[in-house]
Amino acid sequence: MSRFYVTTPIYYVNDVPHLGTAYTTIAADALRRYHLLRGDDTRMLTGTDEHGLKLEREAQARGITPAAFVKEMSDRFEAAWPKLEIGNDDFIRTTQQRHERLVQELWTHIQSKGDIYLGAYEGLYCVGCEDFKTEKDLLPGGFCPLHPTMKAELMKEPTYFFKLAKYQDQLLAHYEANPDFIQPESRRNEVVSFVKSGLKDLSVSRASFTWGIPVPGDPKHVMFVWFDALTNYWSAVQSPEALKKYWSRDSVVHLVGKDIVRQHAVYWPAMLLSAGYDLPKTIYAHGFLTFGGQKMSKSLRNAVDPLGIAHAFGEICGGDDAGADVLRYQLLRAIAFGQDGDFDLAAMIERYNADLGKNLGNLLARTLGLCAKMTGGKVPASATYQKLDQELLVEAKRAALRAREEWDALSPHRALETTWALSTAANVYVDRAAPWAEAKKGDQARVDAILATLLEVLRVLSLMIWPVLPKKSDEMRAQLGLPPIGRGDRWPEGTEPSTAGRALAPAPPLFPTLDADGTRALLERLTPKLAEEPAVAPAVTPAASAPAGEQGAPISYDHFSTVDLRVGLVLSCERVPKKDRLLRLAVDLGEAAPRTIVAGLALTFKPEDLVGKRVVVVANLAPRDFGKGLVSHGMVLATGPSESLTLATVAGEVPAGARLK
Ligand code: MSP
């Protein structure tokens, strides 16, 4: 029996579970279920990351103790996952004693190897990433590209260092000898070139705040949050039951987002090498989920609530768990694992209707309908298969083998594609075999063979969908007269002679399809409402809508002074997908966080032309909602036709946020 130990990142508790974190956790659970069906000794871990400056500050801002704050937030994660049919075997919190003790042990162990020493650190730190930055990692103005609302802070304090540089060659040798260690390949290349460019020792303690695990023997210091957090994967398998059996280079698979590959593929293996423990088998980095083409911001994340989506679909197809199945399917099928992908509600409904309703759901309904009429609602007593039937049975076997390879290669989207190709083939087969025509001819043996073939393919499909749609698999099996998937069930190796005479139990459709009205209503219900105010702002830039020389009615000084014109510094800029004219800018207006401004500048400027430019911004314009979560909070002034605009700007190094009067 193989062992499979899959982990998700442990999530920072400054946020609630959202679609991005649900994505990783659902993927891990699908892999867990797949490996259970393979008969592997399987374990899945998720949890919460509860230390660090970011959380200490967030708790302070709320006026509660960090311990109370992290508990409340962690509970939300723990409560959310079962609602998405996620069955993690363990949930670790970094404030648990079992974890703190093990991290301190690991520290002491690594220190005893001579790999931790006291020094002083001076450099930039992004509290959002809880990680160190160099100037070239940052946007103009010192903002972090991953957290554009946060300016990296200068950190200057005594600190303990971990001898990361010492492991540079060993790491490179490991990447070389184990091509699957970091996946997909693009991430691997990124890590290899980062390590080749030269590693520096890593600062692993902080003395300027207290919300962390104390450094053994020097409690003025708390551990660097990543030293603490990465160790969760190890500390969670030290319990007597787990008996370290899951920790081996053949069993550990860390699923992470592409934003945290470096920590997992460089820091963590170096720590393990120092300690003399096995390295994981694979670190697999998936891409980022965008919503309507936009990276999920905090406000958007709250709006795109996975539980809300599951609940809404559950109302259509049989309860919250069933709705969770639909969400799981959409996330794992529509987005190629490893690549960025856009989550689109309209596309989700379309896929629900097509793949789930009209394809798989319909296959089950029509097969059981035919059996009710033609076999007395039972699995036919015996069957003599003809070529057409055998072809489909062979196809089922091939699909099961192919999907198995695809699951093994951590490609759930491909495994699902293969699974649904089988369902499509079975639907085509029903039409070609036409059991109704055979029944008319009175050829009951032929009818029996056709329906037995279909029932067998449905049984195979019920197993193949289980990793992603566990609830619907069980419902499907109930209709087929089969028990829910249990410990003894295995991924199909091929087809089996069916248990003749088994009673079938047809029930309402698995996935009732949505018509145009239903689709519209669901979309309206689920589309996040972001802007508080109605979208009243006029068209965004360019402002020069009045022809040159033409003047409107005079306005008073007081009237003019209500317009908040400010100097903005463009921090980042990108195209808006599917909108030729629009650019999305992050603009520093001297406020706590940069503003998102959507401007019709794309026919004149490339995004990179604008980064670092000073622009004049109408800062108190009502927000304008462009749909799909894209909201503009201000207007950039410019003049000229759309294809050759000139930006209004100010001479000299005027600070961002300066008011124009
Ligand atoms: N606490 C650290 C991880 C420590 S692991 C030892 C952390 N936490 S996090 O909450 O900020 O995010 C962790 C992970 O959430 C990301 O790497 C990714 O797996 C997932 N995602 C967060 N937002 C996401 C998207 N928009 N899309 C896809 N995944 C995203 O970093």
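The values are calculated or read from the model by the stated rules, or taken from the named source; none is laboratory data. Please read these numbers as outputs of a predicted model, since none were measured by experiment. Reconstructed Cβ throughout: ideal geometry from the backbone, glycine too, with neighbour counts over all protein chains shown. These area figures cover heavy atoms from the full protein model, side chains too; ligands, DNA and RNA do not enter into them. Shrake-Rupley method; radii C 1.70, N 1.55, O 1.52, S 1.80 Å.
Here is the P(r) of the range 58-154: all C-alpha pair distances, binned every 5 Å from 0, give 2, 10, 12, 11, 15, 19, 18, 10, 3, 0 in whole percents. Dividing the Cα radius of gyration of the chain by its Kirkwood radius returns 1.03 for Rg/Rh. The listed residues Asp320, Asp474, Asp355, once ranked by accessible area (1.4 Å probe) with the largest placed first, stand as Asp320, Asp474, Asp355. Separation of the alpha carbons by more than 18 angstrom is noted, of Lys54/Lys163; Lys71/Lys244; Lys54/Lys133; Lys136/Lys200; Lys113/Lys196; Lys606/Lys628, for Lys54/Lys163; Lys71/Lys244; Lys113/Lys196; Lys606/Lys628. Ranking Lys133, Lys358 by solvent-accessible area of protein heavy atoms (1.4 Å probe, all protein chains present), from largest to smallest, gives Lys358, Lys133. Hey, for a label at Leu146 modelled as a point 7 Å past Cα toward Cβ, could you say which residues of the range 189-210 have their backbone N under 19 Å away? Zone members listed by number: 189-206. Projected over all directions and averaged, the alpha-carbon convex hull of the range 307-387 occupies 8.3 nm².
For the range 52-104, what class follows from the C-alpha gyration tensor (a ≥ b ≥ c being the square roots of its eigenvalues): rounded when a/c is under 1.5, otherwise prolate if a/b is larger than b/c, else oblate? In terms of gyration-tensor shape, oblate.
Convex hull volume per residue, computed on the Cα atoms of the range 205-326, equals 186 Å³. Pairing the Cα long axis of helix 53-62 with the longest principal axis of the chain, what angle in degrees results, from 0 to 90 and rounded to the nearest 10? Relative to the chain, helix 53-62 is tipped by roughly 80 degrees. Scan the chain and hand back the longest stretch that contains none of the GluC sites (Glu not before Pro) lying in DSSP loops with at most 16 other Cβ atoms within 10 Å. Free of exposed loop sites, the longest segment is 242-492. For Tyr117, neighbours were defined as the other residues whose beta-carbon sits under 13 Å from its Cβ, and their charges (Lys and Arg +1, Asp and Glu -1) total 0. The Cα atoms of the range 266-412 give a gyration tensor whose axes a ≥ b ≥ c have a/c of 1.5 or more with a/b no greater than b/c, which makes the shape oblate.
Estimated at the nearest 10 Å², the accessible area of His559 is 100 Å² with a 1.4 Å probe.
Within straight-line reach of Lys373, meaning a Cα separation under 26 Å, sit the following lysines at least 8 residues removed in sequence or on another chain: Lys358, Lys387, Lys440, Lys441, Lys472. For trypsin sites (Lys or Arg not before Pro), the sites in the range 553-603 that DSSP calls loop and that have at most 11 other Cβ atoms within 10 Å are Lys578. Can you grab the distance from the C-alpha centre of the range 202-228 to the C-alpha centre of the range 92-137, Å, no decimals? Result: 6 Å between the Cα centres. With the cut-off at 1.5 for a/c, could you classify the range 125-214 from its C-alpha gyration tensor as rounded, prolate or oblate? It comes out oblate by the Cα gyration axes. Over the range 1-135, the hull volume per residue, using the convex hull of the C-alpha atoms, is 164 Å³. Here is how the number arises for the chain: DSSP H runs of 4 or more residues each give -39500 (n - 2.57), the sum is divided by the residue count, and the result at 222 nm is -12000 deg cm²/dmol. Cysteines in the chain that lack a partner Cβ within the 4.7 Å cut-off: Cys317, Cys371, Cys573. So which aspartates and glutamates pass the test for Lys578, namely a Cα distance under 19 Å, with those fewer than 8 places away in the same chain ruled out? Once the sequence-local aspartates and glutamates are set aside, what remains near Lys578 is Asp340, Asp342, Asp344, Glu608, Asp625, Glu643. Rg/Rh for the range 419-459 stands at 1.02; both radii use Cα atoms, and Rh follows the Kirkwood definition. Between Ala592 and Val394, 0.36 nm times their residue separation minus their Cα-Cα distance comes to what? Between Ala592 and Val394, full extension yields 65.0 nm more.
Legend: P(r) of the range 236-300 from all alpha carbon pair distances, 5 Å bins from 0, whole percents, reading 4, 15, 18, 20, 14, 10, 7, 8, 3, 0.
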